[in-house]
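Structure first, commentary second.
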Amino acid sequence: MQKKTALATMVAVLAFLAGCATDSRKAQEEALQQDLLTLRSVLSQYILDLHRRPRSLDDLVEAGYLKAIPTNPINGRNDTWTVKCSTNPKDPGIERIDASDSPVGAMVNHCDRRQCS
């Protein structure tokens, strides 16, 4: 009887911990979506105000639109944001910001992970 109680207790604890891990991951994903919304909003405001696209995420910080590049809540790094660069030579720069789990980020349209050349 004692073994059954111990087993039942262990199963309950494991189920609780699994639920906590799922809730934590969900919270991280919601924070990531909020950060992406903020980054994309700041990008749009920068373009509206300055009539040009930023060439790097650092441009958003240097121009005062962000205090710092946010840390990705999933992996704890701020160097995994990726940018999609404009292919229009008359309007160069960042046209979209996304997130990546990789520290080097994804190359999109021959972009560096955080800037357009």
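Throughout, read-outs are computed from the coordinates displayed, never taken from laboratory work. Bear in mind the structure is a predicted one, so any value in this text is a computation, not a measurement. Virtual Cβ from ideal backbone geometry, glycine too; neighbours counted across all protein chains shown.
Modelled spin labels at K90 and A68, positioned 7 Å past Cα toward Cβ, are 4.1 nm from each other.
Each Lys or Arg adds one and each Asp or Glu subtracts one; over the other residues with Cβ under 11 Å from the Cβ of R96, this totals +1. The label-point distance for R52 and Q115, in a model that sets each label 7 Å from Cα toward Cβ, rounds to 1.4 nm. Neighbours of G64, meaning other residues whose beta-carbon lies under 14 angstrom from its beta-carbon, give a summed charge of -3 when Lys and Arg score +1 and Asp and Glu score -1.
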